[in-house]
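Before any comments, here is the structure.
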Amino acid sequence: MLDELQSGNQQMIRDINVSNVLNVLRVQDAVSRVELSHALGLGKSTITVIINALMSCGAVEEMGAQQSSIGRKPRSLRMNSNWKYVIAVRLDISQVHVGIINLKGQIIYDKKIAKPLRGYSWEDILRELVPLVRTICLDAKIDWEHDVLGVSLALPGVINTSTVSISRLSKWPEFPIASWLSETLGKAVAVENDANALCLGERMKYTPANLDDMLVMLVEDGIGAGIIANGMMVKGGSLGAGQIGHMKVSDDGMLCSCGQTGCLETFVSNSAVKTNFVARLSPEAAEEIAGKIGTPLDQIDAQIIARLAMQGVPEALGVMDEVGFYMGRAITTVVNILNPAGIVIGGPLFEEAEHLMLERVWKMIRAETAPVLWSNLQLRVLRDKTKTMLIGVASQILDRAFRVRHDGSPDTMEVSLVSMVGF
């Protein structure tokens, strides 16, 4: 029994050492064996044994010699970022976007497929997804069995580590997505709310700026937010944190899907913007606008309305004023409660009319919060939101893979790079 305990402890120590080396290489572009030894407090012989094992399995590559003023120049090491991959998927109402993400969190291949999804059962949606992720690997010449660590999904809704409770995509709630996919694919699976995934991806992109307190808002058909406070993702007691679209910003307004009135979503979502804009048009203006854009008004969208605002169309500018007012009202509440260091907003209105929208939001923030709360605030518009979301949701698998052991949901497979080293 004592021998087994000692053997187990030795294996645990070896695993921890390998994990620590991998995590240094994950964030450093180049590092020598000596630097690893100093950084981790490990003997040079231990580092040599670990690096040899990592190089043997293809996880680490040796580069050219580093600059040195005296003695023999040490050779640099770097992680082979394309040793393993995560398949990241964003499911939305009308399309599926799939990306292959390497160990450094870089997208090496991605593909967007038009696919109406609303109204289908989760099982129907996932059955369509299974052959798709395998086909993507074939297209990118990635070995599904050997090279893929797992699959991560980003989708709208209230989500725990394995189950979707509420989502705009499907009327069938409480479906065990993670376990169903994991059993079907034979891979580790992670599921995350799309706004949370966006927040994680945005934070990864701007490290080492290291925004430990930030909010990322996604303004599309629905309104969601990902929140990081003190470096940790805020999930909420019932996993519903970030449902900012249902923040009450008015005493009246249209009926929201949640059954209430006055919700932010009823004023600033894509459909609300379209309804607001069309309602402002006289018959003559409607005919003129339709001719100008070459599109029937029933096919107009938030992106087109934002472009019209940039061209000075009064009705579109009126919509921008209203959206800016209500977005500003919601954001000032967040600023007063959380005091984030950064707020990032994504969606067609903000992407197409960045200056107009940020100007209106800033006006509300400055008017309704104390200067100490906004004087250092970074407020900007999100770019490449889908790719950022893919990187963010892939991090859910990558972070697990770089640990010594998986300590997440018990109903999906374990994934560990350490176990693949054979050390």
*Out of (1) assigned to a helix (DSSP H, G or I); (2) modelled with pLDDT under 90; (3) within 29 Å of the chain's Cα centre (by Cα), what's the single condition that is false for Gln10?*
(3)
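Consider Ile136 carefully, then state whether it is surrounded by 13 or more Cβ atoms within 10 Å (Cβ to Cβ), touching a residue at least 60 places away in the same chain (Cβ under 8 Å) and closer than 27 Å to Thr184 by Cα. Walk me through it before giving the result.
Working: surrounded by 13 or more Cβ atoms within 10 Å (Cβ to Cβ): yes; touching a residue at least 60 places away in the same chain (Cβ under 8 Å): no; closer than 27 Å to Thr184 by Cα: yes.
When the stated conditions are applied, Ile136 does not pass them.
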*When only residues in segment 77-111 that are touching a residue at least 40 places away in the same chain (Cβ under 8 Å) and of a type in the set (D, E, K, R) count, which is surrounded by the most Cβ atoms within 10 Å (Cβ to Cβ)?*
Arg90
*Taking Asp298 and the conditions (1) over 31 Å from the mean Cα position of the chain (by Cα); (2) more than 18 Å from Glu220 (Cα to Cα); (3) surrounded by fewer than 21 Cβ atoms within 10 Å (Cβ to Cβ), which numbered condition does it fall short on, given that it satisfies the others?*
(2)
*Name the helices (runs of 4 or more DSSP H) wholly within segment 320-413 that hold at least 3 residues that are within 18 Å of Ala225 (Cβ to Cβ) and of a type outside the set (Ser, Thr, Tyr)?*
348-352, 354-368, 385-401
*asked:* Need a quick list: helices (runs of 4 or more DSSP H) entirely within segment 194-305 having at least 3 residues that are on the phi < 0 side of the Ramachandran plot and touching a residue at least 24 places away in the same chain (Cβ under 8 Å).
replied: 194-205, 265-268, 270-280
*Criterion: basic (Lys, Arg) and within 28 Å of Gly201 (Cβ to Cβ) - qualifying residue of Arg280, Arg366, Arg329*: Arg329
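Working carefully through the options Gly318, Gly294, Gly324, find the one that is over 30 Å from Trp362 (Cα atoms), out of contact with any strand residue (DSSP E or B) (no Cβ under 8 Å at 6 or more places or on another chain) and either in the same structural domain as Ile365 (by TED's automatic domain parsing) or among the charged types (D, E, K, R) (or both).
Details: Gly318 fails: over 30 Å from Trp362 (Cα atoms); Gly324 fails: over 30 Å from Trp362 (Cα atoms).
Within the list Gly318, Gly294, Gly324, the selection yields Gly294.
Restricting attention to segment 306-319, which residues are part of a helix (DSSP H, G or I) and surrounded by fewer than 22 Cβ atoms within 10 Å (Cβ to Cβ)?
Arg307, Met310, Pro314, Glu315, Leu317, Gly318
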_Identity of the residue in segment 311-344, in contact (Cβ under 8 Å) with a residue 40 or more places away in the chain and over 21 Å from Thr266 (Cβ atoms), that ends up nearest to the chain's Cα centre (by Cα)_ = Val344
*Quick check, is Leu390 of a type in the set (A, V, I, L, M), modelled with pLDDT of 95 or more and more than 26 Å from the chain's Cα centre (by Cα)?*
no
*Any idea which residue in segment 346-378 is surrounded by the fewest Cβ atoms within 10 Å (Cβ to Cβ), counting only those that are out of contact with any strand residue (DSSP E or B) (no Cβ under 9 Å at 6 or more places or on another chain), under 20 Å from Glu220 (Cα atoms) and aliphatic (A, V, I, L, M)?*
Leu356
*Check segment 22-42 and report whether any residue there is within 35 Å of the chain's Cα centre (by Cα), at pLDDT 90 or above and of a type in the set (Asp, Glu).*
yes
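The values are calculated or read from the model by the stated rules, or taken from the named source; none is laboratory data. Because the structure is predicted, anything quoted here is derived from the model rather than measured. Don't worry about glycine lacking a Cβ; one is built from the backbone with ideal geometry, like all the others, and counts go over all protein chains shown.
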